[in-house]
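Everything on this sheet refers to the single structure shown next.
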2 protein chains.
Amino acid sequence: MDVKLVERVKDIGRLKSVSALLDWDQETYMPAGGVAARAEQYALIETLAHQKLVSEETRTLLERAEGTVDADDFVAETIVRETRRSYDRAAKLPAELVREIAHTSSLAKDAWAKARAESRFADLSPWLTKLIDLKKQVAERIGYAAEPYDALMDEFEPGATAANVDPVFRELREKTVPLLNRVMTARPGPDPAILDRHYPRDRQEKICRRMAEAIGFDFHSGREDVSVHPFCMTIGGPGDVRITTRYLKNFLPAALFGTLHECGHALYEQGLPKEHVFTPMAEAASLGIHESQSRMWENLVGRSRAFWKYHYAHVESLFPEALRDESLDSFHGAINAVRPSFIRVEADELTYNLHIILRFELERAMIRGDLRVGDIPAAWNEKFTRMFGITPENDAQGCLQDIHWSMGAFGYFPTYTLGNLYAAQFFAQARQDIHGLDDRIAANDHAALLGWLRERIHRHGKRFRPGELVQRVTAKPLSIEAFVGYITKKVEAIYSI
Amino acid sequence: MDVKLVERVKDIGRLKSVSALLDWDQETYMPAGGVAARAEQYALIETLAHQKLVSEETRTLLERAEGTVDADDFVAETIVRETRRSYDRAAKLPAELVREIAHTSSLAKDAWAKARAESRFADLSPWLTKLIDLKKQVAERIGYAAEPYDALMDEFEPGATAANVDPVFRELREKTVPLLNRVMTARPGPDPAILDRHYPRDRQEKICRRMAEAIGFDFHSGREDVSVHPFCMTIGGPGDVRITTRYLKNFLPAALFGTLHECGHALYEQGLPKEHVFTPMAEAASLGIHESQSRMWENLVGRSRAFWKYHYAHVESLFPEALRDESLDSFHGAINAVRPSFIRVEADELTYNLHIILRFELERAMIRGDLRVGDIPAAWNEKFTRMFGITPENDAQGCLQDIHWSMGAFGYFPTYTLGNLYAAQFFAQARQDIHGLDDRIAANDHAALLGWLRERIHRHGKRFRPGELVQRVTAKPLSIEAFVGYITKKVEAIYSI
């Protein structure tokens, strides 16, 4: 493998990691007065990374490597393939188009924040019209087989297309809605309001730290800080992976499940092969696969009865007043309560995917040209009512709630539900492969599961595309079966239906 | 002024500021596992900054600007002059020589740490021999008027030469030694041991924060963290200046005067003209001028009776046990106690300069070729005994104590004493210009002094060279007069001599 190409790829990776540090610092410790200088530093580093990627020299080195790479050398094959992919995506887009998208979306994000605050979709719609037009241009430049949306989704989930995601999502919706109706009929179930009591922050920090350590987050190769929006960021390869949490003293789940979620992302990043740091071999397979790791630890492990069988005693001892009259059962019920709600990020495990399917269908239609921007609010509310049985009172509760479209991130939403489906399918396989998985979780022993994920998923980096990885790990293509089996069993138990 | 040149200069400044963030993060929050990746990130950013500086394009833009710059446009004049200076210093040194110095000094720093731990100068001497040879090559490449040492010192203190520093230091030594002898004869004076009692860390943090705010450190444009070695670092121009402190629970002065010292540096950086961020107009005039700001706030303000007249009550209330039988007078005496000691960084205000003068004389002789490396320990001990009346028991207490020479930083030490002299001379002028300065300090009102420094020194950035700046601010060239007057008066009062 050509040393010069690898060194060039690593330099690009190093620049992106420096960008990540600039971003992390801004979200955590940077004083307010640093914001203007930070924007300049960030723009410079991003520009240098872009220039290095699309340069003549990268192209020449790539072409030479493509002619000589040994088919058995999967490291070289992965690095060349993924660098080609990045190069093509970057080189196909004229600098002017990239600049216009960056400029427009930065203004559109502001417009979105104001539009949402006042619930006035009309204030955002000219920006959306512009962004959809720009992203269609991107799709045409990048190229696609069936429809332009595919070119956009491919950025986040390589190999995914609307035509193969759509039937999966339809089937999932068909299984979800009747189950949701059964829950609604069976109400009242557990009371989630017990999580809104007073939970002092310093005690939340204790349980979050303990859970993070329990599932295997390596504090030697990472750290946890506080930020407004929780995130996981890799600053220096698998040896330096940082998460953030936010603590709401009247809403315990934010910190608990936020920490488990970000730890799930971090365990993936810490498990990537260190020896290939700054190359695609040490990068995650896709956003969907990434989300499968965060959702597995957050939900399949973190909202399981087995997990709380161990940890509930600690929570109870930390918050004796808030949980005075509660039990493991009522707590476990509360963290798994199901109900239709307007806001995606507050949704339970069952209804969450409906929120995503709705967005996928709408954004696909927008990019196809089948849905005019002006018609989005009506289309949203109509679909929402049909799926959830409730109607948003205003657009802030509806089509204005998410930032994604105003950032031009069309094709991103499906990765959330793909993550949920991958998570369930991986976990079902792990359950087959690991003897007594539930008992281990109940004994706070997560080493076998983490080891299994490391071996089957983490260590491969970008070697396999998501579809190929799922097939390798579970001997099946992606399907809704595992998720539907898991969620049905759980919901039936909690609601005694 | 050529926009392209300014933008290029700023890009170099931005890259250096990104380097600073990588460094700051490593000293404060980076997890241990990040160290290998950090070294790679750092090397890349430094290389990019160097390449941008010595490039053909920078040379062409500089030459064009030099032909056209308007003599009245001091901003353009400063940027062009200082960029030329940086360009010449960088371009005159072959990449091979730069690399060899970086490599040698990185190994020599390790050798120094071990040699100091075992007090074996012989283990360091081959490295010093090599470094002296390399730095002589640097001096020959850079060029000098009188002696090679000048080329090295000029890096840290533009315009300073051994020939003009030497008589100042001699005179200072001649005034210091008799005063030290008078103190030694008058002993016992105040008891500094009261500062070694138990001072809980959380309370030290309170007083440090209060002092920092009192003297005007702007927490909107900066922050304070903890690190092993305290420092001040500018991360994003005047809007993002960060200091660190270390807290020793059995040695109060470390945090108190460390904070005031680093705040002094930070006030300078926060006072540089924001509109010229990332150019030499928003950089400090020199290391010596920088040190004048830190030493002024640490010593001339921070060890004054007036300052503690205000702050002592707070300290007393924070540490009622440690200071039970103490008073403003005994505390003020303790923080100003004078005695010969072996270690520079622990020295009092009077003897501190003797430590520097000794190092200056020895390193000048080394670079001249008048002192062989093997003879350093004997020369050190002989000079030390003559100056201080005590003899180091081993080289760890003597010529091995400082890291500077093993980093190849010859010509750096003088800036410490120049800083002390500048500080006293500036402060004497401020006392003339600001009505009732002592009363203001005693009333915890530092706005007039800070405003004076901003107006006279900070806002000029690198516009004036140190010598020119001193002349402008005080209407006199640098002299020892102000410092000797200040220290004599203070020591006589404290020791009643």
- Query: In terms of the Cα gyration tensor, with a ≥ b ≥ c the square roots of its eigenvalues, is region B:3-92 rounded because a/c is under 1.5, prolate because a/b exceeds b/c, or oblate?
  - Reply: prolate
- Starting from a label point 7 Å past Cα on the Cβ side, list the distances from B:M1 to the same position in the other copies, nm, shortest first. 4.7
- Item | region A:149-497, relative contact order in percent, only Cα pairs under 8 angstrom and at least six apart counted | 25
- Backbone HN-Hα couplings from phi across region B:104-117 [Karplus 6.51/-1.76/1.60, Hz, Gly and Pro as x]: 5, 6, 5, 6, 5, 4, 4, 4, 4, 4, 6, 4, 5, 4
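With +1 on each Lys and Arg Cβ and -1 on each Asp and Glu Cβ, how big is the dipole of region B:121-497 about its Cα centre, in debye rounded to the nearest 20? Don't skip to the end; give the middle numbers.
On the way: 45 positive and 50 negative charges, 81 e Å.
Computed about the Cα centre, the dipole is about 380 debye.
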- Item | Ascending list, in nanometres, of distances separating the B:A32 label from those of the other copies (7 Å, Cα toward Cβ) | 3.8
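Only bridges with both residues in the protein assembly as shown count here: give the DSSP antiparallel percent, nearest 5.
On the way: 6 of 18 bridges.
Here the share of antiparallel DSSP bridges comes out near 35 percent.
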- Query: Please state the relative contact order of region A:3-148 as a whole percent: Cα pairs under 8 Å, 6+ residues apart?
  - Reply: 20
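Expressed in whole Å with the largest first, what are the equivalent ellipsoid semi-axes of the protein assembly as shown derived from the C-alpha gyration tensor as the square root of 5 times each eigenvalue?
Working through the eigenvalues yields semi-axes of 59, 34, 27 Å.
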- Query: Which of rounded, prolate, oblate describes region A:324-474, given a ≥ b ≥ c as roots of the alpha-carbon gyration tensor eigenvalues and a/c under 1.5 marking rounded, otherwise prolate only if a/b is larger than b/c?
  - Reply: oblate
- Determine the equivalent ellipsoid of chain B by diagonalising the alpha-carbon gyration tensor, then write out the semi-axes as square roots of 5 times the eigenvalues, largest first, rounded to whole Å. 35, 28, 23
- Item | Using θ = phi - 60° and Karplus 6.51 cos²θ - 1.76 cosθ + 1.60, couplings along region A:243-248 (whole Hz; Gly, Pro as x) | 10, 10, 9, 10, 10, 10
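Suppose R0 equals 22 Å. What FRET efficiency, 1/(1 + (r/R0)^6) with r the Cβ-Cβ distance, do B:H198 and B:L328 give to the nearest 0.05?
Values: r = 20 Å, r/R0 = 0.93.
About 0.60, to the nearest 0.05.
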- Long-range amide H contacts for B:V226: which residues qualify at under 5 Å (H placed 1.01 Å from N, peptide plane, sequence gap of 5 or more or a different chain)? B:T245
- Query: How many Cβ atoms of partner chains, on average, are near each residue of A:18-31 if near means within 10 Å of its Cβ?
  - Reply: 4
- Note on the structure: One decimal, nm, nearest first: from B:Q471 to the same residue in each other copy, label points 7 Å out along Cα→Cβ, the values are 8.0
- For chain A, with +1 on Lys and Arg beta carbons and -1 on Asp and Glu, the positive-most of A:L418, A:L172, A:Q26 along the dipole: A:L172
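DSSP beta bridges in chain B, what fraction antiparallel, as a percent rounded to 5?
35
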- Query: Hey, what do the phi angles of region A:180-193 turn into as Karplus ³J(HN,Hα) couplings, whole Hz, using 6.51/-1.76/1.60 and θ = phi - 60°, x for Gly and Pro?
  - Reply: 4, 4, 5, 4, 4, 6, 7, 3, x, x, x, 9, x, 5
- Note on the structure: So, with points 7 Å from each Cα along the Cβ direction, the B:A71-A:K114 label distance in nm works out to 5.1
- Points 7 angstrom from Cα along the Cβ direction at B:K249 and A:H435: gap in nanometres? 4.9
- Message: Exceeding 30 Å between C-alpha atoms, which entries from my cross-link table qualify? They are B:K16/B:K206; A:K136/A:K383; B:K130/B:K462.
- Response: B:K16/B:K206; B:K130/B:K462
- Message: Using +1 at the C-beta of Lys and Arg and -1 at the C-beta of Asp and Glu, which of A:A306, B:Y144, A:I243 has the Cα lying farthest in the positive direction of the dipole of the protein assembly as shown?
- Response: A:A306
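Determine by what factor the alpha-carbon radius of gyration of region A:161-239 differs from 2.2 N^0.38 Å, reporting the quotient. Don't skip to the answer; put the middle values down first.
On the way: Rg = 20.1 Å, N = 79, 2.2 N^0.38 = 11.6 Å.
In units of the 2.2 N^0.38 Å rule of thumb, it is 1.74.
Can you sort A:M387, B:M211 so the residue with the fewest Cβ neighbours within 10 Å comes first? Before the final figure, lay out the partial values.
Working: A:M387 18, B:M211 25.
Starting with the residue having the fewest Cβ neighbours, the order is A:M387, B:M211.
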- Taking B:K274 as the anchor, which aspartates and glutamates have their alpha carbon closer than 17 Å to its alpha carbon, excluding any fewer than eight residues away along the same chain? A:E40, B:E7, B:D11, B:D218, B:D240, B:E283, B:E455
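Just so you know, all these numbers are worked out from the coordinates, no wet-lab data involved. Since we're looking at a predicted model, the values are computed, not measured. Positions of Cβ are generated from backbone atoms using ideal geometry, with glycine treated the same way; all protein chains shown enter the neighbour counts.
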